[in-house]
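Student: First the structure, which I've put down as structure tokens, then a few questions once you've had a look.
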Amino acid sequence: MRLREVVVAVSVALMVLLLAYVVSAGGLGPLAPRELRELARSYLANAYNPWNVTQSSLSLEAVTAIVWDYRGIDTFFETSVLFASIVGVSLIFRGYRERPGIGGRGLSEIVKTSTRVLLPLILVAGVSIALHGHLTPGGGFQGGSFIAVLLVLATVVFSLDFLVERGLASGRLLALRSAGLLGVLATSVALLAVGLALGIDAYIFQNMVREGSELSMPQWLLDRPTGGTLLFFNVFEALAVAAGLALAFLVLSLREEEVGEAMAAGEWHE
Amino acid sequence: MSDPTTFLFAVVVLSLVANTGISLYGVFTRPSLVKKFISLTIFSDTLNSFAIAIGFRRVVGPYPSAAVLSSVPEDPDELLAFAGSAVDPLPQALVLTAIVIGLAVYMFLAGLIMLYHRHYRTTRMV
Amino acid sequence: MGRLLGYLTVFAMTYAFYVVFTGATSVFSLVLGALASAVVSVVVKPLVVSGEPRVSDIARLAYLAVYYLYYMVVAEVRAHVAIARTVFGRRMDISPAIVEVPYHVKTSYGMTLVAGSITNTPGTVVVQVDPERRRFYVHWLYAKAFEPDRAREEISAEFERFAQRIFG
Amino acid sequence: MLVAGLLPLFLMGAAFTIPALSLVVKSPRFYRVYATAVSLVGLAMALAVFLETRERGVVAYRFGGFRPPLGIVYTVDALGATLGLLSAFVLTMSVVYSTWMVRSRGEYLYYTLMLSLGAGSLGCLYTGDVFNLFVMLEVLSLSAYALVSFYRDNPRAVEASIRYAFVGMVATSLYLLASFVLYGSYGTLNMADIALKARNPAAWTPYSGWVFGDVVLSSAIAIALSAWTFTFKAAVFPNHFWLPDANPEAPTPVSALFVAVIDLIGAYGVIRFLYTLFGEGSAVGVLRHDILLVLHVLGALSALVGAMLLVVQTDVKKFIAYSTISHMGLAFMAATTGTESGVSAATLQLISNSLSEALLFYAAGVAIVAVGRSVEGVGFLRRSKVASAAFVVGLLNLFGVVPVFVGFWSKLFMFMAFLEVGYLASAVVLMASTGISGVGYVKLINYLARSTPGPREDPRLRSTLVPVLVVALTTLALVALGIAVVAVPEVGRAIREVGASAMDYASYVKAVIGW
Amino acid sequence: MIELVLVAAGLTLIAIGVFYDFVGAVGLLRLPNFFTRLHAATAGAIGGAVVPMIGASLVALGAEYLGPPRFFLAGAAFASGLLLMILAQAGSHAIARAAYLSGEAPREPILYDALEKGGGE
Amino acid sequence: MEVVPISIAAIAALLSIVATYLAVRSRDLLAAVVFSAVQSTAYALIYYVLMAPDIALVYIPVSVGILPAVTVMLVKKTERYEE
Amino acid sequence: MDLEVLISSALTALIPAYVASFVLYAVRVVKGPTIPDRVLAVDSLGYDLAAFMVVLSILLRSPLMVVCGLALVLWVYAFDIYVAKYLEAREMGG
């Protein structure tokens, strides 16, 4: 075992030294430069650019614009990774069933009451972060993970039983998750579908007017820009992330009795 | 290195590099799966921080701003000024993606480790 | 009617928090926030409100304001000065003890308010609560008395007077 | 072109729908039909993409309508399209096979993961963006980890999955680091843009401008890190350990996908990085030659080690896994000769290997259901003429001495490619590994001739129509391809064009950036 | 003028906050056991975090040079302070109770323990 | 001017080295979780100072809110001390 | 402009005190000796860091970044609760 540790340590140290050398020798350009990379400048100048709509997503927030518009396909498949992980978790615990009445008590009354007051406040904070994703820092993931942690917190504070009695069972979370994902999917191909129906050229993940396509999402809602698809993406993504993470945590936190029952059923394997 | 900011920034980046090494060592040599799990989270967080460090920049004015316009611009000059003072948004978008992907993998790994413990009654794995 | 009032209370609280949190100045934020708060209040009302609320909400809020004014300014300042003196004192003059403190408020919100106030003033921390016997077990840094009633006088009597008026 | 952009999205969307449907439809039969239909449509789309690239060369699809370095572009050249068609074919076969093989609770989750694995692999092959490749690798890997632990009651499956997942996560993280490094120095993530600037560091492209840092240094470390990842994915020598662990414990159709699709991605990544991105004449220069040599040696070691370990296996799934390692090593050797013919030979080797290993798994799956995983069990296959014939065809193809099969031609091409660059030792390694593994193949054929203990009772054995159909189709594809390689000049030209397309960075760049 | 008053008040609150931060940190180091340290932590949370947050929101209201988003800053800082009032007490209580019940942290020095004498559960 | 924020980032980075080392070395897995939370907090501060509010906003919930929950649960369901 | 200089210089002057207290908190985290001690220190560290982030967002003239403080406050509390639950309950979901 000692030898193995030494080998690992040496190779890791080599890699680290190499990395440090590349960094310090300017392999990534100067550290903390005064000039931006040209691509970054293009993103910053085009994220909200009503004077050049064909390369813009009309969002005040450059990061959300990149995440959901310029590199929308990345984010779509990133959501799919999360989806695959949740499917995987439910796959390895398949056959489980939440059973109320095992005797979860949760934490003390004070913590419970405080968390109860927090619930609507944090929920609305998460929703607001998601809704303002194209205006202020934040977006679908941020808002969704706020809500998800809230649900995790509620599971820990109130115990599973409480949540299951109040209807927050995995079936319902799965339905919410699917609704969110299908919403993301529908938003991503919405303009393409319209284009195909009308016989006009359109792109997957199209947002605003593009070269060769006149279709466009709404640019303003009331007195603020919407960023076209970004608002929809953020809302659906928040829903999907929140429900998905909460679902995964719920399945992981199943009590020994429940998991044991699912496992005891026995599965055939090769 | 004459400039204090450059020096301090180098300290940040090199400590990230050091963290990469420490956590990678933890992943490969600690016997407990839970410890491997923790080291793995630190490892990928460190790589992400590295990307953020790549995207940082300095400006002539006081301090760079985040990649968010604080109000709807009225004319193209405002956009140029914004591009002249904001940090690089692309690494942030990439890291956002990477963080969520990492989270997905950890969730699944946690389930697997529980299952492993059910089967073997230990989390030791060499 | 009572149920609607419950929803309205939650909605008002949520929306007020939303407006403060976003510092909303645009119609966009206000309208979407109202929608979001409505959805949130419908979803979480069964979790947040246990009984039927009464109409005396306005009066309650007034009490709340007065209570917090008192609470912040007097009790906190006194306790903070004391803890600062202890921490920087040459020798620590502390007498830690866990004492039993009875309480008389009936609702869980009232109980939480009292307990929160006790914990939030440095020098006293609620370690354990026994809802059946209506007892707090308070870790007290400067214990002056070990008997439940005298400890209550020292620690929580003031808080409880306000809590009782707010939550009953 | 729309279809290329739509294909991974379509498979993933179909996967999204399954859990939603599971709230309404409970019948497992529905999901079998659904997954089969979806994968067939996927196969048709992959075929359409393939035909399109035959017609028009490199095809690019801009997502969201953004100009390339701004947005993500799917860029499909002959290499990507050919391998994409291959993976779509194996995916379809595996899904169809699963409808017979996999009978378990939560079947719909299994098909969800199968489809997302397909989406991930096709995305890897079609994408023209360095970071998008990372995302697709993760889609692929996470589905793979989950599928390995499908038989959760089997402790070894769980252990294999954990090992695979830990090392896989580190490997993909290193690829992530490589993509960050590439962005740091090139200031762009688009593969075509990087390819252009690696050849000519003074080049300027709209939106991404000039390079930013020291290109040589960062390219070297990026290649090193990503090569580690790709050798892991391709199960090449120092990183081969996960395949014999994970593969046997997965359900058999998934094992077929492992050897046929995931390994493929590793080899594809190496070809893409070392030819299209940092090919001949790039800034990496001399360093590239060294990296190629290292990978070549690793491939040779892998070919020999795989062949030697293959002979002693007593578990049929492990046997096939080691055979894959050996053949992937050969493909790596061919892919790192640095010549056009080498890449063509490697592609042909990949195709032959994928099809025949998958075929072996499909055929052996029937025996595994009946008598278990021991090598003696293959004797059971004699009950079905088609299955036993297919098994023999698969083995002979892998052995590669019968000039009818594609395995022979791929080895011949490799041999010629080695001689062309003067790697005599490599040619010897090729012969040696063929000889050593031949012992194993003959042993297996020998077992096929012997009788086996009586099969266990299994309801699936009542009708073996589906597996036999799958086996027959795969065999047909294999044999037809083997004949077509020499008999139909069109096919031979297509194979040669794959190598040319990997070399031809200029048209890749032209299709994406416009000049 | 009103801006100056707001800013001055806010800065004072922030300064008090820094002082209590320091009190909390030193108290956490100097006090003898976990339960006594809890009190220092409370001082760090209320005096060291709530007060400067409210101070920051006052400063933001007064600092006109920050532009329209300063209302966002003021509101969010105030909301954070408000939430922290609820959270800090629940958190301290939870960890104190857990430490007591699990016996993880030593209780000495302690003069009198009502919980041990028949309280609790 | 920019020296002040970046020196904060540097201090946070040095703190994160200590936290990482302790998290990898400590035999009590629960303590390792606490140390990794410290490391996460330090990274969050780095993100904040390097002007990446989006990342800080997603990183804090993920690695202070969800991952410790998962890890603590893992420790609860398996075993607390590393052999 | 005058106000800006006043605010910036006042806040800059306060930063060393903040950093010093963070380092002291970190010392308590490292020293332990028990888990509740460490958690308590992380807790205080998180709360004060949140306040610090709010102050920094004024100093760095980026008011929109203040939300991070809220996030840190909330989830450090959550972390607290997790460890408390670990110490006192049989199972996390129970």
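The numbers here are math on the coordinates, done by the rules we state, and not lab data. Keep in mind that this is a model prediction, so the values were computed, not measured. Counting neighbours? That spans all protein chains shown, and the Cβs are built from the backbone with ideal geometry, glycine included.
Student: Express in nm, to one decimal, how much length is gained between A:Leu222 and A:Leu17 on full extension, taking 0.36 nm for each residue of separation and deducting their alpha carbon distance.
Tutor: So the extension gain works out to 68.3 nm.
Student: Follow-up. Please state, as a whole number in µm²/s, the translational diffusion coefficient that the Stokes-Einstein equation yields for chain A at 25 °C and 0.890 mPa s, with Rh defined as the Kirkwood radius across alpha carbon pairs.
Tutor: On the way: Rh = 22.0 Å.
Result for D is 112 µm²/s.
Student: Something else now. Name the residue, out of A:Asp223, A:Asp201, A:Asp161, whose mean-square fluctuation peaks in a Gaussian network model built on chain A with Cα pairs under 10 Å.
Tutor: Evaluated over chain A, the most mobile residue of the options is A:Asp223.
Student: Nearest 10 degrees is fine. How inclined is helix E:51-62 to the longest principal axis of chain E, computing both from alpha carbons?
Tutor: 10
Student: Let me ask something else. About its Cα centre, how strong a charge dipole does the protein assembly as shown have in debye, to the nearest 20, once Lys and Arg get +1 and Asp and Glu get -1 at the Cβ?
Tutor: 2880
Student: Taking only Cα atoms of the stretch C:2-48, what ratio of Rg to Rh do you get with Rh as the Kirkwood inverse-distance radius?
Tutor: Taking Rg over the Kirkwood Rh, I get 1.01.
Student: Taking K and R as +1 and D and E as -1, what net charge do the other residues with C-beta under 14 Å from the C-beta of A:Ile66 add up to?
Tutor: Summing Lys and Arg as +1 and Asp and Glu as -1 gives -4.
Student: Run through the stretch A:70-144 and list the chymotrypsin sites (Phe, Trp or Tyr not before Pro) located in a DSSP loop whose Cβ has at most 10 other Cβ atoms within 10 Å.
Tutor: none
Student: For a label point 7 Å from the Cα of A:Leu182 along Cα→C-beta, name the residues of the stretch D:26-40 whose backbone N is under 17 Å from it.
Tutor: What the label zone holds, given the 17 Å backbone N cut-off, is D:26-27, D:31, D:34-35.
Student: Quick check: residue separation of C:Leu8 and C:Ser95 times 0.36 nm, minus the Cα distance between them. What number comes out in nm?
Tutor: That pair, C:Leu8 and C:Ser95, stretches by 26.6 nm at full extension.
Student: Within a 10 angstrom radius of the beta carbon, how do G:Tyr77, C:Tyr70 rank from fewest other beta carbons to most?
Tutor: C:Tyr70, G:Tyr77
Student: Could you calculate the FRET efficiency of A:Arg172 with D:Leu424 from 1/(1 + (r/R0)^6), where r is the beta carbon distance between them and R0 is 60 Å, rounded to 0.05? Intermediate values should be presented prior to the final figure.
Tutor: Working: r = 67 Å, r/R0 = 1.12.
The computed FRET efficiency comes out at 0.35.
Student: Could you work out how far apart the two model spin labels at C:Val81 and D:Ala480 are, taking each label as a point 7 Å from the Cα in the direction of the beta carbon, and quote it in nm?
Tutor: 9.3
Student: Using only helices, what value at 222 nm comes out for chain A when you add -39,500 (n - 2.57) per DSSP H run of length 4 or more and divide by the total residues, to the nearest 500 deg cm²/dmol?
Tutor: Details: 10 runs with 168 residues, N = 270.
About -21000 deg cm²/dmol.
Student: Further, regarding this structure: Would the stretch D:1-96 count as rounded, prolate or oblate if I go by the C-alpha gyration tensor, calling it rounded below 1.5 in a/c and otherwise prolate when a/b exceeds b/c, oblate otherwise?
Tutor: Numbers: a/c = 3.60, a/b = 1.66, b/c = 2.17.
Oblate.
Student: Can you list which of the DSSP-assigned H helices in chain A have a Cα extent of 18 Å or more along the long axis and an average Kyte-Doolittle score of at least -0.5?
Tutor: Result, helices passing both filters: A:2-24, A:72-92, A:109-131, A:140-158, A:170-198, A:229-252.
Student: Still on this structure, please answer the following. What shape does the stretch B:4-120 have by the C-alpha gyration tensor, where a ≥ b ≥ c are the square roots of the eigenvalues, rounded means a/c under 1.5, and otherwise prolate means a/b greater than b/c and oblate the rest?
Tutor: Oblate shape, in that a/c is at least 1.5 and b/c is the bigger or equal ratio.
Student: Set the Förster distance to 45 Å, then compute FRET efficiency between B:Leu80 and D:Ala506 from the Cβ-Cβ distance, nearest 0.05.
Tutor: Working from the Cβ atoms, E equals 0.80.
Student: Please report the projected area of the stretch G:2-88's Cα convex hull averaged over all directions, in nm².
Tutor: 5.9
Student: Further, regarding this structure: If you find the alpha carbon centre of the stretch A:154-223 and of the stretch F:39-74, how far apart are they in angstrom?
Tutor: Rounded to whole Å, the Cα centres lie 26 Å apart.
Student: May I pose another question? Report the label-to-label distance for D:Met1 and C:Asp149 in nanometres (one decimal), using points 7 Å from each Cα along the Cα→Cβ vector.
Tutor: Label at D:Met1, label at C:Asp149, 9.2 nm between them.
Student: Would you calculate the volume per residue, in Å³, of the smallest convex hull containing every Cα atom of the stretch D:1-41?
Tutor: 53
Student: With no solvent and one equal point scatterer placed on each C-alpha of chain C, evaluate the Debye formula and give log10 I(q)/I(0) for q = 0.15, 0.19 Å⁻¹, two decimals.
Tutor: -0.93, -1.18
Student: Same structure again: Per residue of D:160-168, count partner chain C-beta atoms within 10 Å of its C-beta, then hand back the mean as an integer. Write down the numbers at each step before the final one.
Tutor: Working: counts 0, 7, 10, 1, 1, 8, 12, 2, 1.
Partner Cβ neighbours, averaged per residue: 5.
Student: Starting from the alpha-carbon convex hull of chain D, give the projected area averaged over all orientations, in nm².
Tutor: Result: 21.5 nm².
Student: Also, quick follow-up: Averaged over D:249-258, how many beta carbons belonging to a partner chain fall within 10 Å of each residue's beta carbon?
Tutor: For this peptide, the per-residue mean of nearby foreign Cβ atoms is 1.
Student: With a point put 7 Å past each Cα toward its Cβ, work out how far A:Arg34 is from D:Leu23 in nm, to one decimal.
Tutor: Roughly 5.7 nm, to one decimal.
Student: Oh, and also: How far is the Cα center of the stretch D:481-515 from the Cα center of the stretch E:49-121, in Å?
Tutor: Using only Cα atoms, the two centres lie 66 Å from each other.
Student: Further, regarding this structure: With an 8 Å cut-off on Cα pairs and a minimum separation of 6 or more residues, tell me the relative contact order of the stretch D:183-253 in percent.
Tutor: Relative contact order here is 22 percent.
Student: Two decimals is fine: what is log10 I(q)/I(0) at q = 0.16 Å⁻¹ for chain F, from a Debye sum with one equal scatterer on every Cα and no solvent?
Tutor: -0.64
Student: Find the centroid of the Cα atoms in the stretch G:15-92 and in the stretch B:44-87, then give the distance between the two in whole Å.
Tutor: Rounded to whole Å, the Cα centres lie 27 Å apart.
Student: For the protein assembly as shown, how big is Rg over Rh, using alpha carbon atoms and the Kirkwood form of Rh?
Tutor: So for the protein assembly as shown, dividing Rg by the Kirkwood Rh gives 0.98.
Student: How well do other chains shield peptide A:181-194, expressed as the mean number of their Cβ atoms within 10 Å of each residue Cβ?
Tutor: Counting Cβ atoms of other protein chains within 10 Å of each residue's Cβ and averaging gives 2.
Student: Enter the per residue convex hull volume of the stretch E:1-115, computed from alpha-carbon coordinates, in Å³ rounded to the nearest integer.
Tutor: Numbers: hull volume 12.6 nm³, N = 115.
So the per-residue hull volume is 110 Å³.
Student: Just to be sure I understand the curve: with the Debye formula and one point per C-alpha of the stretch A:130-212, what is log10 I(q)/I(0) at q = 0.21, 0.27 Å⁻¹?
Tutor: -1.04, -1.22
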